[in-house]
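Since the structure comes first, as structure tokens, the remarks are kept for the end.
Rule-based calculations on the coordinates, nothing more; no lab input. Since the structure is predicted, the reported quantities are computational estimates derived from the model, not experimental observations. Here the Cβ positions follow ideal geometry from the backbone for every residue, glycine too, while neighbour counts run over all protein chains shown.
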Amino acid sequence: MENYKGYFISGSAVPKWYLTGRKSKSLGIVFKSGRLGGSVVEFKRIEGATFDGKQEAEQHGLELCKSWVDEYEAMEKKMDALERRFAETHDPEAKKQLEDLSRQRVRMLP
């Protein structure tokens, strides 16, 4: 497990057996600090591609987590900016964009 932008991320390999032999499916898990002091909770689980090697799958799981965190953080920043804009101007376009981003955010979460 490693720390990435305030989130703990973990890449793992889930063994899969096929007629051609053993493969590893990549799995990324994003953890976030909980509300209780020191607790860590699973925030997002991301299944990825299948690889021949365990290390490749684990690395891919970490890359999936980093990509998800980057996308999630970018969305959060954009939502914050739109909330400020709407609060200051009551711009209906900002409200519409905020509603659209809120729906996208819900789809990103477990």
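Restricting Glu99, Glu58, Glu42, Glu83 to those that are free of Cβ contacts under 8 Å to residues at least 12 places away in the same chain and among the acidic types (Asp, Glu) reduces the list to Glu99. Taking the criterion of being touching a Cys at 6+ places or on another chain (Cβ under 7 Å) and without any contact (Cβ under 8 Å) to a residue 60 or more places away in the chain, the residues of segment 1-28 that qualify are Gly11, Gly28.
With Ser26, Ser39, Ser12, Ser67 as the choices, which residue is of a type outside the set (Asp, Glu) and closer than 23 Å to Ser102 by Cα?
Going through Ser26, Ser39, Ser12, Ser67 in turn, the sole match is Ser67.
Per the listing Leu62, Leu109, the residue uniquely under 25 Å from Ser12 (Cα atoms) and in contact with a Ser or Thr (Cβ under 8 Å, 6 or more places away or on another chain) is Leu62. All conditions but one from (1) closer than 28 Å to Met1 by Cβ; (2) in contact with a Phe, Trp or Tyr (Cβ under 6 Å, 6 or more places away or on another chain) apply to Lys95; the one that does not is (1).
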